[in-house]
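The values are calculated or read from the model by the stated rules, or taken from the named source; none is laboratory data. These numbers come from a predicted model, not from an experiment. Note that we place each Cβ from the backbone using ideal geometry, even for glycine, and neighbour counts take in every protein chain shown. Remember, those area values only see protein heavy atoms, side chains included, never the ligands or the DNA or RNA. Shrake-Rupley method; radii C 1.70, N 1.55, O 1.52, S 1.80 Å.
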Amino acid sequence: MTKIDPSLFNAQQHALDKEHEPCPECGSELVMKHSKNGPFLGCTSYPTCEHITPLVQHDNHDIKILDESPCPECGNHLVIRNGRYGMFIGCTGYPQCNYIVHDEQEEQPEEVGCPKCQKGQLAKRKNKFGKFFYSCDCYPKCKYSVNQQPVVHTCPECGWGVMLEKQRAGKAVLQCPQKSCQHKIEKPQ
């Protein structure tokens, strides 16, 4: 087995090689500094000279221009880009046009009225942990919410206006959300 020099994999070591080079703008010494965007070499006479050299290159580049569909907001071409969080499709007119194609186009579920206040609709929302829940859109007047998808179906046991769609043993089941009832029936097809 051969020995590999670990300094080859250390970005700081390579930066230290350049660290003692003079600033190309003013001739002062360059030193390594850190920011939220990563390490960089900056000039020691900072307020008078603002020269910086980034050590980490972020690969934000266009991969392919899409000719088949124009941007719906400005009419420019759309392009596949490799960005900070992966690949996405955006407008070539950026930064004037901020259009981005979202592939989370999911089918709209049926409108479910709030059974508690009977004025609002139950809307799908996301909590701070990324989990989905359904709550009344008349919040804060009505604070009704459920964790599973509600379905417009009256509970045959207690008469509550909605039931929750759940999976039990591989079958779709409707369950009453009322704690006093919890009645379950098989989901009608």
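Does any residue in region 131-151 that is touching a residue at least 24 places away in the same chain (Cβ under 8 Å) come within less than 6 Å, Cβ to Cβ, of a residue that is open to solvent by 70 Å² or more (accessible area, probe 1.4 Å) six or more places away or on a different chain, and which pairs are these?
Cβ pairs passing all conditions: 138/119; 142/116; 144/116.
Would you tally the residues in region 171-189 being among the hydrophobic types (A, V, I, L, M, F, W, C) and in a loop (DSSP other than H, G, I, E, B)?
Narrowing region 171-189 to residues among the hydrophobic types (A, V, I, L, M, F, W, C): 172-174, 176, 181, 185.
Then keep just the ones that are in a loop (DSSP other than H, G, I, E, B); that gives 176, 181.
Residues in region 171-189 being among the hydrophobic types (A, V, I, L, M, F, W, C) and in a loop (DSSP other than H, G, I, E, B): 2 in total.
Based on this model, can you work out whether residue 101 counts as under 30 Å from residue 66 (Cα atoms) and either of a type in the set (A, V, I, L, M) or in contact with a Pro (Cβ under 8 Å, 6 or more places away or on another chain) (or both)?
On the way: under 30 Å from residue 66 (Cα atoms): yes; either of a type in the set (A, V, I, L, M) or in contact with a Pro (Cβ under 8 Å, 6 or more places away or on another chain) (or both): yes.
The answer is yes for residue 101.
Hey, among 101, 56, 146, which residue is at pLDDT below 85 and surrounded by 14 or more Cβ atoms within 10 Å (Cβ to Cβ)?
Values: 56 fails: surrounded by 14 or more Cβ atoms within 10 Å (Cβ to Cβ); 146 fails: at pLDDT below 85.
Criteria check complete, one pass: 101.
If a residue must be more than 15 Å from residue 113 (Cα to Cα) and touching a strand residue (DSSP E or B) at 6+ places or on another chain (Cβ under 9 Å), how many such residues does region 158-175 contain?
Going residue by residue through region 158-175, those that are more than 15 Å from residue 113 (Cα to Cα) are 158, 165-175.
From what's left, touching a strand residue (DSSP E or B) at 6+ places or on another chain (Cβ under 9 Å): 165-168, 171-175.
Residues that pass the stated criteria total 9.
If you take the residues of region 70-98 that are within 20 Å of the chain's Cα centre (by Cα) and open to solvent by 90 Å² or more (accessible area, probe 1.4 Å), which of them is nearest to residue 37 (Cα to Cα)?
84
Taking region 162-183 on its own, how many of its residues are surrounded by 16 or more Cβ atoms within 10 Å (Cβ to Cβ) and either modelled with pLDDT under 85 or of a type in the set (Ser, Thr, Tyr) (or both)?
Number of matching residues: 0.
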